[in-house]
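The values are calculated or read from the model by the stated rules, or taken from the named source; none is laboratory data. Note that the coordinates shown come from a computational prediction; the quantities given were computed from them, not determined experimentally. Here the Cβ positions follow ideal geometry from the backbone for every residue, glycine too, while neighbour counts run over all protein chains shown. In case anyone asks, the SASA skips ligands and DNA or RNA and just uses the protein heavy atoms, side chains included. Shrake-Rupley method; radii C 1.70, N 1.55, O 1.52, S 1.80 Å.
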Amino acid sequence: MLVILTGLPGAGKSTFSKNLAKTLSKNNIDVIILGSDLIRESFPVWKEKYEDFIRKTTYNLIDTALKDYWVIVDDTNYYNSMRRDLINIAKKYNKNYAIIYLKAPLDVLIKRNIERGEKIPNEVIKRMYEKFDEPGKKYNWDRPFLTVDTTEDIDFNDIAKKLIDKSKEIPKYYIEEENKKEIKNNKDYNILDKIDKETRKIISEYIKSKKLNKDEVKEVIKLRKKFLKDLKGKEVDINTVIEEFKNMLDEYQI
């Protein structure tokens, strides 16, 4: 299960993730908290050129951990593109995901930021507040599973229960992908079935018109089987394939 936190600096993501992880752990869930700050704070100083490495390393850690554990992503994830990248990791392993939107008024964010030593300039938080892609506003896939006002009391037992229930569901996108595969397989089967019937007719007429003996008939049938085998796994047009088959027979030397 991938739990994607989203919210601006000062929204309380780190405190929330720790409390949620403890509650999940009490419910026998193996869970780990990961985020870009884990890598960023490993550098003695911050430089802009480190950010690409930080992002890729964070995603690699999440990708690896998600195979065996629940992962809580403790990051701002303030653009929907960031949340989409994380969702794609969940899809890769057919894991459920839940976006949890942690929110607080701007004045509270600024106040909290000042109280913790203004690690991030207040102006930066204000700009992020203006640019923030609110979850679910543009895309259905981006809808938050939960929206939590961090200025109010939070029931972590209730949140943990809802997440555990969700983790037991078959992911919607997994069902959609399976349906797409089934439709494609049925379509491919129908096309190949039609080609099979048409080539049988053509072969039958060819044998009669050429008055082939038993050995020659066997060779032509073997040729048809190879032709059909080579079509498997390819996207084909029935009319084009039938023409190709006819041309192949015309060119075939008995």
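Of note:
- Rg [Å, one decimal], Dmax [Å, integer] - region 26-107, C-alpha atoms: 13.9, 41
- ³J(HN,Hα), Karplus 6.51/-1.76/1.60, whole Hz, each residue of region 81-98, x for Gly, Pro: 5, 5, 5, 4, 4, 6, 4, 5, 5, 4, 4, 4, 10, 6, 9, 6, 9, 9
- Overall Cα dimensions of region 37-178 - principal axes, largest extent first, Å: 48, 36, 29
- Mean separation of Cα contacts under 8 Å, 6 or more apart, over the residue count of region 1-142: relative contact order %: 40
- Mean separation of Cα contacts under 8 Å (6+ apart) over length of the chain, as relative contact order %: 23
- Dipole of the chain [Lys/Arg +1, Asp/Glu -1 at C-beta], most positive-end residue of TYR50, ILE99, LEU212: LEU212
- Each part gets one Cα centre, and for region 80-112 versus region 226-251 those centres are 50 Å apart.
- The percentage of C-alpha pairs in region 188-254 whose separation is greater than 14 Å is 57%.
- Å² per residue, accessible surface of the chain at 1.4 Å: 65
- Under 5 Å between amide hydrogens, built in the peptide plane, is the criterion, and for VAL148 it picks out TYR101, LEU102, LYS103 among residues at least 5 positions away or on other chains.
- Placing +1 on the Cβ of every Lys and Arg and -1 on the Cβ of every Asp and Glu, with no other charges, gives the chain a dipole of roughly 860 debye about its Cα centre.
- Equivalent ellipsoid semi-axes, the chain, via Cα gyration tensor eigenvalues times 5, rooted, Å: 60, 19, 16
- Cross-link pairs exceeding 23 Å between alpha carbons, from the set LYS56/LYS111; LYS201/LYS222; LYS103/LYS131: LYS56/LYS111.
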